[in-house]
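As structure tokens, the structure follows; a few thoughts come after it.
Computed from the coordinates by the stated procedures, all read-outs in this text should not be read as laboratory data. Everything numeric here is computed off the predicted structure, so don't read it as measured data. Ideal geometry is used to build each Cβ from the backbone, glycine not excepted, and the neighbour counts take in all protein chains shown.
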């Protein structure tokens, strides 16, 4: 864990040094995503900000081998919300239950509600709203919830 923290700190230093708006690093089952403040961010936790004018970043660190992929049950257009002015069914960080509606897929002019196949906490939205997705393509990634609560 200490090595991972040191790697994240080094990545933050590099992002600041080169004024990057986004940086992603992956090794083995570990993935780190850094985005500059003001960029859309979907993350697990935020680091405290330092002085004004420097990069305030959020970091997402997940053991990808533990993640559950929720896949498109059919080919069609992926929609995160029931209508353009409605909020998304789920956001990163939300806990979803098996059977809960997580998105719509439009196929042959029919809007199909897509239920979650498994329960867990949403850590990634893999498809863009309005994007064509293929059957079997990952549309969300979940972190399983611990059995002991």
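Structure notes:
- In this simple spin-label model, placing a label point 7 Å from the Cα along the Cα-to-Cβ direction at both residue 26 and residue 128 gives a separation of 1.8 nm.
- Efficiency of FRET from Cβ geometry, residue 10 and residue 113, R₀ 35 Å, rounded to 0.05: 0.20
- Per-residue Cβ neighbour counts within 10 Å put 140, 78 in the sequence 78, 140, beginning with the fewest.
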